[in-house]
Amino acid sequence: MNKIIAAVEIGTSKMKVLLGEIRSQQALNVVGFGSIESFGVKKGELVNFKVASEQVHLAIDLAEKSAGVQAEEVYLSVTGSHLGGSFNLGSARVSSADNVVVRNDVARAIEEAKRKELLDDRIYVHFIQNPFHLDGRPVEDPLNLQGSLLEVGYWSVDGDEKVIKDLLHVINGYGLEVGHVIASSLASGEIATSRADRKAGALVIDFGAGATDYVLYRDGCAAKTGVVPIGGDHLTNDISMGLRVDERHAESLKKEHGRAFCGEEDDDLRVWLIGNKMIGDRDVSRKAIRQVVAARVEELFQILAEELEGYLEPDHLGSGIHLTGGGSLLPGITEVASSALGLPAKRAELPTGIVEELRNPEFATVLGLLHFGLTGQSQVNPVRSKGIGRALAKIFGR
Amino acid sequence: MTEGFDSVDDMLRNQSSPERIRIRVIGVGGAGCNLASGLRLDGFGEVATAGVDADTKSLSECLTSQKITIGRRYTRGLGAGGDVAVGGKIMEEEIQCVRRFVEGADLLFVLAGLGGGIGSGGAPVIAQCAKDAGAVVFSFVTTPFNFESEARRSVAEDALVDLRKASNAVIPLSNDLLLQHATADESVLECFATSNRWIGRGVRSICEMLDGSGLVSVDFADLKAAFSRRSGRTLFGLGRAEGKDALGDALKDLLLCPLLHVPDASRLADTLLINVTGGPGLSMTAVNEVLKTLQERFKSKGSIVFGACIDENMPDQAEICVIGASDLEPKPPAADVAPGHAPALNSAETRYAAAVASEKGKPHDSKLQSRPKVLHAMERSQSEFNFVDQENQRGYFDKTERNVHGGEDLDVPTYLRRGIKIEI
Ligand SMILES: Nc1nc2c(ncn2[C@@H]2O[C@H](COP(=O)(O)OP(=O)(O)O)[C@@H](O)[C@H]2O)c(=O)[nH]1
Ligand SMILES: Nc1ncnc2c1ncn2[C@@H]1O[C@H](COP(=O)(O)OP(=O)(O)O)[C@@H](O)[C@H]1O
Ligand SMILES: [Mg+2]
Ligand SMILES: [Mg+2]
């Protein structure tokens, strides 16, 4: 039984669609690909429904044409500052006389952890189970073990109902159903790290155009996720304003000359705006570009450090920081990330076996979505997702 | 002034010989007095200047032709201590002292540095008084650096709203933007000097075009008509150059002017005032070109007030000054809406209010204490908030929900918020 799923990211810079064929729930082939410039999306959220829809539909259409098949179900990523999250603990006294944990104890603990109600206009996107603790000690599966107090924590991701419904409408407008909505951070996180990384503890930061998504893994589980509404577009806008150049030129100055920190050797070097030295071209200071970029990047990581306060002990993050998203291509970003957060940092390695064209940090989120598609799970629950790691190697090669 | 005229010649025909108009300049508060002192208006004999302050020391250094001390009763000559409420109260009670100066004016320039007590509290009162007496009021004010206290910025935002109600046009100069224009090792003081210079040139340009001796002079009645509506957001830019193609280079300089580097939307001025000054060689054809370019750039469909003058002392120099104003009316939100849903973005303001409110719940809200003032200003008049100077600093994100974090709007470039000087 083969099934065609579409992974869709309504990105701020690009609409990205991958079509994957799942073979008897074992392996996945990428069979189609569509990527097209994004309009109507700012800071990760829709600002113009109609225009954004048109672009998404074009991208899905491209992917379907390149595959020669149609998608049956959609995995959609969601980002933006409307996403929130909270950690909730549930506990249960072990009820049997012999202190052996039974199903009912587990169910009670879980129920308590998930009980928190949201405000009217918000909905849950994920419940992510974190390890059980029996009398304070972490256990993988508490059933049939002995103890008196069973605890379980859930990291829950919630979002603005209206914003998410608008996204679903975009896909529905193409005549497709969204099967699963997945926070971009979790999608990117799953593809940017290995199971071993997550077990050792890892922080994945997806630095996109509109927003920066992050997920922190502890003991193999996503223990915290978040979105900082700063992305590559902010760098571009800052350059545009600081150097008085239009956005298009600011974007190319950023990519060609940007760096996350500003050093002495930058003094005095001037670079050409357009490069053809024709009328309208002018030279600008490379140092100025880097000053603007460095200030923004430093601030981004300061905000991340604030949000992750208490989570960044190196002991719990053995695998360090993995940077992905298009913004991670910025030179010097690993150095700045590392010094701001006090952990080793590197650019995430996407799994080998993915075709070269897609082994680009900009595609981390859609690749991650496909990855989820393989197991069909929307409630990210690493405890139950044993199949994923094994199947990974087979996923993307043709 | 002409409505959608075809050429400069058209406009020239429209000229009538102007009678002398009475122009007055009043500086309010410490910064205002400095601004007024720095004006070089030698060419214009008729321009009377005055400084008003509660601070006798500041007044003693003031170089205006008149000095007006206020608030003796409250401050014993020591200034308002930065208290805007005190500044406003003193000015209201002692408006008599100023009335005599402003009453005779056809055109009054009010100069102040917003953020302190006397300037912020007093300038709106003076502007209103002059306007009631029938003067056209142009207010040139500076807004505080981002690194000055949040309280000062908030005082300035409120004062700007009040001043806009009382003036025909308010031209705010962001100290932050001027800092960007300064050279690397300039201090804050030197940066103040820059804003003084810029404001001086702005005032001078307007005086020049009304002077009557220019190549193309502006009839005061036309200026008055053009700025008769209450205007909202203004833009202000200056370009200057020297050399063979001084005018062409001045135009380039103008287009790079940091003060004009604002989002496209706000460049659409409803009223545009353009003044070109050059040496004796200034040709009408060249001036016409400049005018065309600027008209296109600012896509003005409304009125244009245009002046050109020859300055014998500027043989191969040229200077262009542009002041634009958009009519004060609420703009509809830009966002589209998904079918069958409430608007995706209600209005930037309400969302900002919500964002601020939810931010307040967070633990790190200490910096937010003075924010309610901004909200207060919005309650008074939502549409006016659209034009608070800050918005110019968001560029590409102009029309999007504010990105509030710890009391700051993250969509404003970091370097601006941190007062980092960019060495272009
Ligand atoms: N351009 C300029 N701005 C100034 C000067 N001195 C102070 N400022 C700015 O003006 C604001 C108000 O200060 P000040 O005029 O001394 O307060 P006031 O006398 O109580 O009105 C400050 O927050 C500064 O941003 C100056 O000499 N020139
Ligand atoms: N070499 C580079 N240096 C800096 N930024 C880059 C580079 N390449 C791409 N980017 C930035 O990455 C962003 C796009 O990344 P992406 O992950 O696709 O974002 P999104 O998913 O939000 O659309 C853009 O802001 C782009 O400018
Ligand atoms: Mg992305
Ligand atoms: Mg003072």
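The values are calculated or read from the model by the stated rules, or taken from the named source; none is laboratory data. This is a predicted model, so every value here is computed, not measured. No Cβ is skipped: glycine too gets one built from the backbone with ideal geometry, and neighbour counts run over all protein chains shown.
Can you confirm whether segment A:363-376 contains a residue that is closer than 20 Å to A:Ile205 by Cα, among the β-branched types (Val, Ile, Thr) and modelled with pLDDT of 85 or more? Yes; the residues of segment A:363-376 include at least one that is closer than 20 Å to A:Ile205 by Cα, among the β-branched types (Val, Ile, Thr) and modelled with pLDDT of 85 or more.
When segment B:55-114 is limited to residues that are within 24 Å of the chain's Cα centre (by Cα), over 24 Å from B:Leu160 (Cβ atoms) and more than 16 Å from ligand 1 (Cβ to nearest atom), the one that is modelled with the lowest pLDDT turns out to be B:Gly104.
Rundown of residues vs (1) within 9 Å of another protein chain (Cβ to nearest Cβ); (2) closer than 30 Å to A:Ser285 by Cα, yes/no style:
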site	(1), (2)
A:Ala209	no, yes
A:Thr212	no, yes
A:Val215	no, no
A:Arg218	no, no
A:Ala223	no, no
A:Val227	no, no
A:Ile230	yes, yes
A:Ile239	yes, yes
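Restricting attention to segment A:41-63, does a residue exist that is in contact with a Lys or Arg (Cβ under 7 Å, 6 or more places away or on another chain), within 14 Å of chain B (Cβ to nearest Cβ), farther than 13 Å from A:Leu367 by Cα and touching a residue at least 40 places away in the same chain (Cβ under 8 Å)? No, segment A:41-63 contains no residue that is in contact with a Lys or Arg (Cβ under 7 Å, 6 or more places away or on another chain), within 14 Å of chain B (Cβ to nearest Cβ), farther than 13 Å from A:Leu367 by Cα and touching a residue at least 40 places away in the same chain (Cβ under 8 Å). Would you confirm whether any residue within segment A:239-247 is surrounded by fewer than 24 Cβ atoms within 10 Å (Cβ to Cβ), basic (Lys, Arg) and at pLDDT 85 or above? No, segment A:239-247 has no match at all. Applying the set (1) surrounded by fewer than 19 Cβ atoms within 10 Å (Cβ to Cβ); (2) more than 27 Å from the chain's Cα centre (by Cα) to A:Ala92 leaves exactly one unmet item: (1).
Scanning segment A:229-252 for residues that are assigned to a helix (DSSP H, G or I) and touching a residue at least 40 places away in the same chain (Cβ under 8 Å) yields A:Gly232, A:Asp233, A:His234, A:Leu235, A:Asp238, A:Ile239, A:Gly242, A:Leu243. Of all residues in segment A:163-193, those that are within 12 Å of chain B (Cβ to nearest Cβ) and free of Cβ contacts under 8 Å to residues at least 24 places away in the same chain total 2. Of all residues in segment B:75-97, none that is more than 14 Å from B:Ala151 (Cβ to Cβ) and within 14 Å of chain A (Cβ to nearest Cβ) has its Cβ atom under 9 Å from the Cβ atom of a residue that is within 16 Å of ligand 2 (Cβ to nearest atom) and at pLDDT below 75, 6 or more apart or on another chain.
Only one of the numbered conditions (1) farther than 25 Å from A:Thr375 by Cα; (2) assigned to a strand (DSSP E or B); (3) of a type in the set (Val, Ile, Thr) is violated by A:Val51, and that is (2).
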